[in-house]
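Worksheet for the structure shown next.
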Amino acid sequence: MATAPKEAENAIGLEEIHTERQEPPKGQKTFTVEEAVETIGFGRFHIVLFLIMGSTGVAEAMEIMLIAVVSPLIRCEWQLQDWQVALVTTMVFFGYMVFSIVLGLLADRYGRWKILLLSFLWAAYFSLLTSFAPSYVWFVFLRAMVGGGVSGHAQGLIIKTEFLPTKYRGYMLPLSQVFWLAGSLLIIGLASVVNPTIGWRWLIRIASIPGILLILVFKFIPESARYNVSTGNVAAALATLRRIAKMNRAAMPEGVLRESAKERRGRFKDLIHPKYLRTTLQIWIIWLGIAFAYYGVILASAELLERDLVCGSAAPLVQDPSDDSEESRSPCHCHMFGPAAYQTMLISTVGEIALNPLNILSINFLGRRLSLCITMGCTALFFLLLNICTSSTGMTGFLFMLRALVSANFNTIYIYTAEVYPTTMRALGMGTSGSLCRVGAMVAPFISQVLMSASFIGALCLFSSVCVVCAISAFTLPIETKGRALQVCV
């Protein structure tokens, strides 16, 4: 098993798991949750876990990507200006940012499973209400509430991380991107059929169905055994581990489950403790930059397709003099996506899984830090290449590669963040990181939908510069988590 470099350990001040320092009663064998998870190994339980918790990505992708395919329609219906369209996306991520911290705190105190269920109920409720929004203001408010609910979906990733054996985390967690891709493709495909026929309101209602269906199957997934033992609920943790062993047809370790030392959970000050301060600050920078680039690519793609921008020019195509329709004269750029635009969006979205096999190999062999540094650097390069005057096919190719790279960035930082923090603060670490991530996502619409209209090259250079900063931050992270067991206590 690979270990972190000595200097990295000194930098972050890693501690041994408290329970391993306790002397077992004389003549009695004991084991930790970590040892039980490794002994039981990978099996049927983990496949079910992967399918159910991974499917949370389908619901999340559909809700987040919804704005990209609905924005042209609400722009026309309510005659919105650029900044008003951008504000919709910004408020979605504002809700995500605020609730991400709150739900992360609650998850570390009351459990991952409960918060995950609550977040799905919340998101489904407000998503359905959005489809009845009578005005632009109501639409913005309700989508912000949806963003708040979606922020809790990250607990699904934490549950997967805490149940997976060490050697499988680097392979199984990136594969979850398949579900995000499925959700993105599904919402684009539905939009191409539903938007021109029965309208965007029905698209929102249909998009909420996967989230509602997932609520019904959550009962098959137990609370994290690592969380239970960290709160002193050893009996529940032991019952869960026995259930997993039975499903996997594997043997439990000999002895009794060892209870960890009682620790206060979910304290924000632990994130900025000297042991974690540098790591936390660099992780926040990376999360913010990755979200800025990811949603920048998505929204820039929509703008390119909606306004037919080519060769870096913000000028609209020359209108047919005979076309004197209201749409052609609209100051709000009322231009609907056609079949070709949806096709381009589908092709570029498929790019999110194009580098997945290579990303998995890179994460497991080069490590989390170097892998993230490389993909962030390549993202910066392709943002600049997007400015090259090229054909629509060339533009689609650049967007395809950008989606592949920004997706790989998210894969890696999700894994690293879930691994670097101990169980007592893992959900809070993910929650605060997700919150800072949404700051980048909140800014992205104004760059992709407002600044890009004024200065195409300026917007692209800004995206590229942020990616370079993130690449440097990733390379200098103080610890490599590849092959490292998950910590329990601070």
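Might you let me know whether region 151-159 holds any residue that is open to solvent by less than 30 Å² (accessible area, probe 1.4 Å) and either in contact with a Cys (Cβ under 9 Å, 6 or more places away or on another chain) or closer than 30 Å to GLN81 by Cα (or both)? So that I can check it myself, show each step before the final result.
Residues of region 151-159 open to solvent by less than 30 Å² (accessible area, probe 1.4 Å): 151-159.
Checking the rest, the ones that are also either in contact with a Cys (Cβ under 9 Å, 6 or more places away or on another chain) or closer than 30 Å to GLN81 by Cα (or both) come to 151.
Yes: region 151-159 contains one or more residues that are open to solvent by less than 30 Å² (accessible area, probe 1.4 Å) and either in contact with a Cys (Cβ under 9 Å, 6 or more places away or on another chain) or closer than 30 Å to GLN81 by Cα (or both).
Name the residue, out of GLY429, GLY397, GLY440, that is without any contact (Cβ under 8 Å) to a residue 60 or more places away in the chain and either in a helix (DSSP H, G or I) or more than 15 Å from the chain's Cα centre (by Cα) (or both).
Numbers: GLY429 fails: without any contact (Cβ under 8 Å) to a residue 60 or more places away in the chain; GLY440 fails: without any contact (Cβ under 8 Å) to a residue 60 or more places away in the chain.
That would be GLY397, the only listed residue that is without any contact (Cβ under 8 Å) to a residue 60 or more places away in the chain and either in a helix (DSSP H, G or I) or more than 15 Å from the chain's Cα centre (by Cα) (or both).
Taking region 380-394, which residues are part of a loop (DSSP other than H, G, I, E, B) and surrounded by 13 or more Cβ atoms within 10 Å (Cβ to Cβ)? Walk me through how you get there before you give the answer.
First pass over region 380-394, keeping only residues part of a loop (DSSP other than H, G, I, E, B): 386-391.
Answer for region 380-394, where residues must be part of a loop (DSSP other than H, G, I, E, B) and surrounded by 13 or more Cβ atoms within 10 Å (Cβ to Cβ): LEU386, ASN387, THR390.
Would a scan of region 197-215 turn up a residue that is modelled with pLDDT under 85, of a type in the set (Lys, Arg) and assigned to a helix (DSSP H, G or I)?
Of region 197-215, the ones modelled with pLDDT under 85 are none.
So far as region 197-215 goes, no, none of its residues is modelled with pLDDT under 85, of a type in the set (Lys, Arg) and assigned to a helix (DSSP H, G or I).
Residues are listed down the side, and each one gets a yes or a no for (1) among the aromatic types (Phe, Trp, Tyr); (2) touching a strand residue (DSSP E or B) at 6+ places or on another chain (Cβ under 8 Å); (3) more than 30 Å from LYS482 (Cβ to Cβ); (4) free of Cβ contacts under 8 Å to residues at least 12 places away in the same chain:
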position: GLU352; (1), (2), (3), (4): no, no, no, no
position: PRO357; (1), (2), (3), (4): no, no, no, yes
position: ARG368; (1), (2), (3), (4): no, no, no, no
position: MET376; (1), (2), (3), (4): no, no, no, no
position: THR379; (1), (2), (3), (4): no, no, no, no
position: ASN387; (1), (2), (3), (4): no, no, yes, no
position: THR390; (1), (2), (3), (4): no, no, yes, no
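Being without any contact (Cβ under 8 Å) to a residue 60 or more places away in the chain, in the same structural domain as PHE50 (by the TED database) and closer than 18 Å to PRO222 by Cβ narrows it down to one residue among LEU157, LEU118, LEU164, LEU129; which is it?
On the way: LEU157 fails: without any contact (Cβ under 8 Å) to a residue 60 or more places away in the chain; LEU164 fails: without any contact (Cβ under 8 Å) to a residue 60 or more places away in the chain; LEU129 fails: closer than 18 Å to PRO222 by Cβ.
Just one listed residue meets the conditions, LEU118.
Please state which one of VAL490, VAL420 is aliphatic (A, V, I, L, M), at pLDDT below 80 and closer than 24 Å to ALA36 by Cα. Before you say what the answer is, go through the steps one by one.
Numbers: VAL420 fails: at pLDDT below 80.
Just one listed residue meets the conditions, VAL490.
Out of curiosity, is ILE74 in contact with a helix residue (DSSP H, G or I) (Cβ under 7 Å, 6 or more places away or on another chain) and open to solvent by less than 50 Å² (accessible area, probe 1.4 Å)?
yes
Picking from PHE410, PHE446, which residue would you name as being open to solvent by 10 Å² or more (accessible area, probe 1.4 Å), of a type outside the set (A, V, I, L, M), closer than 15 Å to ILE298 by Cα and over 14 Å from the mean Cα position of the chain (by Cα)? Before you say what the answer is, go through the steps one by one.
On the way: PHE410 fails: over 14 Å from the mean Cα position of the chain (by Cα).
Answer to the check: PHE446.
The values are calculated or read from the model by the stated rules, or taken from the named source; none is laboratory data. Given the structure is predicted, the values throughout are model-derived calculations rather than measurements. Glycine also receives a Cβ, built like all others from the backbone with ideal geometry; neighbour counts cover every protein chain displayed. Each accessible area value is taken on the protein alone, full model and side chains, heavy atoms only, with ligands, DNA and RNA left out. Shrake-Rupley method; radii C 1.70, N 1.55, O 1.52, S 1.80 Å.
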